[in-house]
């Protein structure tokens, strides 16, 4: 199966177009200013200046994280995606110039990482475990591929090929090379993208080496630590599971360690497994997928339940008020899910994309695109957050920029490239898939078959998706539409005729096989009453609680609508609920109103008593989780007590 | 009001006698072995060795915390209390010898702290904020007073008087002295104890100085930090509220910072306020008391809800699974409550003593007295505790000894001195109070009046307390019996005649004023059905939950009795409950059995779903909280979901 190329997908959607516009008109320029330290009051970035110093065009010292280069790479990738969906000569000029700068910063031998060029040339390739050289290279490769796809310009591809040649000369299974692999996976999936552009087997083989070598004994991290004569600190801080290097990848069945590292690795594993047809690797990917999505994922698509080392913990440990749920981790989950679809055309994967996208990812950015959450908790009490060290990474207002600015550019590149997650096709089966319901159109070419598809929808607020087809000539093929599992009674009409879904359902897709004609049209009705969702009883935090979901949107309740002490609110499972689209609220969202109860603040000052708490009926107002904290700061919860 | 002297109280009680025996026969010898590094496998203490080195009788380096000396002091205080309630020549010999050692370690000028004598003589009195010199001195003074009371031997009193003279020569309001006060309060209450022995005004005045100076500007901690040319670390770690030095004490109305420090300070404040009749200081103590006990106290009498800096946080922030609730903090709460009774004879204070004693303090020690909890959580899931850094101080099995061994000796001194919390008398009103129901007897002498009181009871398991009086001759006085607020229908008979309680109730005490005769007897009936307790709805963690309490005993449920995933258990508020004393369980405890429900483990592997969780009726078995974790390790919760 192949995704339809980003350039061939036009998004014209009431929900997403404004967000893509935001990325292009606000986020990308804002982030460019940030990379150039031109935003008053924001934490300094120094990223561009680091490249200038590395190129010998500026004096000064390196400043920033060891992985600061990746901020530019992620920005450049976002620019690539943005240019793919809409020409912008002045932006392209800026990008070309910065690519030239990157080229000038690259060393003769191909090495390219400003931290090591400027600050510590003697430490190159001495600490793969911690130093992010391969991580930065990976992001630059992804940027190169995106920019090349958008513009056809090869310069940045040449730069990264030279860099990969250098890496390949240093690392690998051959005698004289170091048998090292990254502490922070990322380059694996990037190399697979590069391989698809270059067809250069070396790129595939380097990826395979990194994946196959991971976790092998004697352990490379120990070997290089010994070479560095490492003192205690590193060892104490680091354990191999933090980097998913505790076992060979094919023996890994439980997601552990740093969640972004984990999911980038799993994504690269799928890419490789699909490319080379490696069943044992596919099995590992499936086991890990099962573990993450059925034991370690918040209802928002957030992953990583501990701020300590930004990590996964144990199964079903999903505290709402200390969720780490980094925006980047949910973005990584989308990357992984998209790749899992390559293994199997199963809606479970596409649904995780939808869940993360509309909830735990979008929550990472304010509606105006100017401030960001790194951490996306499902429960917040500001006064507690301010006074508990174990909640120190939880914020209740978004911030303009971060010293460790991974999430904002990651959001930008994802939203700009949204088009590539909507459609895919499977040539051998003559199948075209619609995974996501986003207004706009695309053209698919499949063995000489030209198919145009147009979606019109007010999704995620409205149940109707109208799909119009255009074909050069009458042809038989299969159109596979995802029927979301949250939708209990989907309806489908082809040219106004109701289609019996039960007979054509396959792994969650309605597969309509017929001879399609010009102007055939499909009406997909996805009724979206408010659903009361409960968690597996092993999730201790959520037992006795419910969450509200409508369509793909997970809801929350905020103090600004419902007063303080939100935990004192409860909803009966048969609560009367109504849904209304409020045009002027939060740039237009559907709001849920539900009949519930709220325990009265205690009349007495007593802390403990044997009387009953008294509750009163209240109207509870819920808004989409992604839109929380766009008004005045206050409490927020997703999981509400069930009456 | 004065407490009846420990030496005049004989405890002969089915609940407490065995525990006092444990302290004397097991804990004190065990701790003596620990102080001497004679326990295989336990963390080294080095405490005695530090004194030997300081005395010039051994070579070697100081080892241990900066406050290691206080371990010996607390042990010696426990020995003092233990000797007060029962002669033991060999123990007294050990104590006399160690007092001699302490004397030899003391320097010519009176200085006495082995850390500074051995390791850093140049740093004496340079960092009152962090260095615990005054804290250690305070504990030694408390030990001295206890030992003197028990044995009449003055040597240790002389040692600490010499030490206090030295302290007084260094610190104080006079020109040429440092205007410093302790980072860890403790010496304040100790000086008041010493003052009552010595009558030396200097001791009172030094206490008054420490309390009055606290929080004054320019701030002493800043002045000494500047003198030390302190670098960033200390400042970052320290804030003044951590040590309750952020404001002058009379302006403090909310409990903040390190909970043990706070409550030791508040105890000293009461002592001083009562002694000098300082109303503004009394008002501060009352405000702080109200804040701690009505906004920041667990139902177990545990205080301090954050492991980070062992501190109080904000009002109503009482997470069960991350409670810090240090055993020492609950012990300190008993000290404070006992002093508050000096301000006002109000049962609220005596009840906090009871609550802490039977729950959050006793839980700190295993039934065999050989292992200890530093932290007493109200909810534990072992697998989560093992994998979450934000629960790193929570343990689910008690440990034999701690590097920072404050809690075990603190428990020893409290239980050994339990007798002093039972009775008090108020000469001016001719009132004798019974605050706690503990079998045994006492003699009170009040203005020539000799009264013997004998309690017989199976408290806390049984409702009956029989009190027999003996008097030299018929006399009129008032006997004030605490009627616990947990008891809704107390009954009282004097010489078999029912007494109408409503007419004699005063601040929670039944005050029986009459001419008492020899062999008058009182029967107090405190019916103790199981009470369902709820928390103030501002306590977010406990909303929708209930706790079981019977008499003064707070109950919990353990995995060993109820299976795993205890949060899936719920109890209806009208649950049928039965109570049974189980002789052979946990050395004899009353067990509650209640009809409840348990949600079945999910049939599906799904993490989220819209179906209802299915529950089944179960018999829930609850045991006293203090006895948890004395069988196989597993889950435990106090707060149970209310059906």
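List of remarks:
- Shielding of B:371-383 by partner chains, average beta-carbon count, 10 Å: 1
- Shown for A:300, B:325, A:26: other C-beta atoms within 10 Å of each C-beta, ranked fewest to most, produce the order A:26, A:300, B:325.
- Per-residue shielding of B:568-576, expressed as the average number of other chain Cβ atoms within 10 Å of the residue Cβ, stands at 1.
- Cα gyration tensor shape for the range A:518-589, rounded if a/c is under 1.5, else prolate or oblate: oblate
- Rounded, prolate or oblate (a/c below 1.5 giving rounded, otherwise prolate when a/b exceeds b/c) for chain B by Cα gyration tensor: oblate
- Potential extension, residue B:515-residue B:231 segment - 0.36 nm per residue separation minus Cα distance: 95.3 nm
- Length-normalised contact order for the range A:1-121 - Cα pairs under 8 Å, 6+ apart - percent: 28
- Spatial separation of Cα centroids for the range A:366-384 and the range B:418-493, in angstrom: 58
- Residues residue B:14 and residue B:94, FRET efficiency given R0 of 35 Å [Cβ-Cβ distance, rounded to 0.05]: 0.70
- Shielding by partners - mean other protein chain Cβ count within 10 Å, residues of B:555-566: 1
- Estimated from helices alone, the mean residue ellipticity of the protein assembly as shown at 222 nm is -10000 deg cm²/dmol (sum of -39500 (n - 2.57) over DSSP H runs with n ≥ 4, per residue).
- Extension reserve of the residue A:612-residue A:502 stretch, reckoned as 0.36 nm per residue once the Cα distance is removed: 34.6 nm
- C-alpha center-to-center spacing [the range A:534-576, the range B:115-146] in angstrom: 53
- A point 7 Å from Cα along Cα→Cβ stands in for residue A:12, and the other copies hold the same point at 9.8 nm, listed in rising order.
- Starting from the label point of residue A:87 at 7 Å along Cα→Cβ, the same points in the other copies fall at 10.8 nm, in ascending order.
- Label separation (residue A:600 vs residue A:579): 3.5 nm, computed from points 7 Å beyond Cα along the C-beta direction.
- Proxy reagent accessibility, fewest Cβ within 10 Å first, across A:327, B:198: B:198, A:327
- Label spacing, shortest first and in nm, from residue A:452 to its equivalents in the remaining copies (7 angstrom along Cα→Cβ): 11.0
- Efficiency of FRET between residue A:564 and residue B:1 - r from beta-carbon atoms, R0 56 angstrom, step 0.05: 0.85
- Fraction of beta bridges assigned by DSSP in chain B that are antiparallel (%, nearest 5): 90
- With neighbours defined as other Cβ atoms within 10 Å of a residue's Cβ, the residues B:339, B:641, A:322, A:154 order from fewest to most as A:154, B:641, B:339, A:322.
- Extension gain for the segment residue B:43 to residue B:205, taken as residue separation times 0.36 nm less the Cα-Cα distance, is 54.4 nm to one decimal.
- Judged by the ratio a/c of the largest to the smallest principal axis of the C-alpha gyration tensor, the range B:193-338 counts as oblate, that ratio being 1.5 or greater while a/b is no larger than b/c.
- Residue-level result for chain B: its Cβ closest to the axis carrying B onto A, with that distance in Å, is B:390, 2.
All of the numbers you see were taken from the coordinates with simple rules; none came from a lab. None of these values were measured; they are calculated from a predicted model. Glycine gets a Cβ as well: all are built from the backbone with ideal geometry, and neighbour counts include every protein chain shown.
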